[in-house]
1. Among 94, 109, which is the only one that is assigned to a strand (DSSP E or B), under 21 Å from residue 41 (Cβ atoms) and modelled with pLDDT of 90 or more?
2. Could you tell me whether residue 19 is modelled with pLDDT under 95 and assigned to a strand (DSSP E or B)?
3. Which residue, of 56, 114, is modelled with pLDDT under 85, more than 19 Å from the chain's Cα centre (by Cα) and assigned to a loop (DSSP other than H, G, I, E, B)?
4. Suppose we filter 137, 129 for residues that are touching a strand residue (DSSP E or B) at 6+ places or on another chain (Cβ under 7 Å), buried (at least 16 other Cβ atoms within 10 Å of the Cβ) and either on the phi < 0 side of the Ramachandran plot or at pLDDT below 90 (or both); which single one remains?
5. Out of curiosity, is residue 119 over 24 Å from residue 90 (Cα atoms) and modelled with pLDDT under 85?
6. Would you point out which residue out of 62, 51 is over 18 Å from the mean Cα position of the chain (by Cα) and modelled with pLDDT under 90?
7. Testing residue 99 on (1) under 24 Å from residue 138 (Cα atoms); (2) part of a loop (DSSP other than H, G, I, E, B); (3) modelled with pLDDT of 90 or more, one condition comes back false. Which one is that?
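The values are calculated or read from the model by the stated rules, or taken from the named source; none is laboratory data. Just so we're clear, the structure is a prediction, and the values are computed from it rather than from any experiment. We place every Cβ from the backbone using ideal geometry, glycine too, and count neighbours over all the protein chains shown.
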């Protein structure tokens with residue numbers, strides 16, 4: 001995916017960076033906010049876990065950072081076979097390279113959320129799978145774009161909004177964003 005949009009890097013607490021296109025820049029209450037889209041493909045690694053109540057049922061579980069550290073090199077090698085380069089970037093794993101065409105048989109839908117009340121469904125394209133220590137893992141990329149809202153700090157660098165900040169400015173950002181999109 002090539003774009004003429006300007007790029008910025010988001011940096012996390014661990015010092016990792018994530019190169020993003022600036023999709024929109026908005027000013028709200030004298031502060032500059034950015035809607036960002038990663039340059040490379042966002043990647044999720046899920047583990048298959050058996051359901052304790054039903055031995056036949058399995059669910060996909062998102063990995064914690066230490067689990068990602070453990071399987072990263074294996075995942076990187078498996079994606080390299082598809083000419084994709086896995087990167088340990090800020091806020092999400094990414095892969096550089098050309099994404100294969102979406103195969104409807106490789107699309108999985110996951111219900112995400114902490115409780116029944118806040119469940120949302122997300123669709124992922126399954127890129128490949130691998131085994132590590134007798135555990136099966138799926139490597140996927142979301143079908144919907146992964147977007148980040150950031151605020152430009154006093155040093156001119158983008159900082160990811162905290163969930164609290166996002167909820168506070170969300171209505172204003174969405175209003176301006178929709179106005180900007182209507183003008184395009």
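1. Of the residues listed, the single one that is assigned to a strand (DSSP E or B), under 21 Å from residue 41 (Cβ atoms) and modelled with pLDDT of 90 or more is 94.
2. no
3. 56 is the lone residue from the list that is modelled with pLDDT under 85, more than 19 Å from the chain's Cα centre (by Cα) and assigned to a loop (DSSP other than H, G, I, E, B).
4. After ruling out the rest, the residue left standing is 137.
5. So residue 119 passes the test.
6. 51
7. Only one criterion in (1) under 24 Å from residue 138 (Cα atoms); (2) part of a loop (DSSP other than H, G, I, E, B); (3) modelled with pLDDT of 90 or more is unmet by residue 99, namely (3).
Residue-by-condition table, conditions (1) free of Cβ contacts under 8 Å to residues at least 24 places away in the same chain; (2) touching a strand residue (DSSP E or B) at 6+ places or on another chain (Cβ under 7 Å); (3) under 30 Å from residue 179 (Cα atoms):
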residue	(1), (2), (3)
6	yes, yes, yes
33	no, yes, yes
45	no, yes, no
50	yes, yes, no
69	yes, no, no
72	yes, yes, no
79	no, yes, no
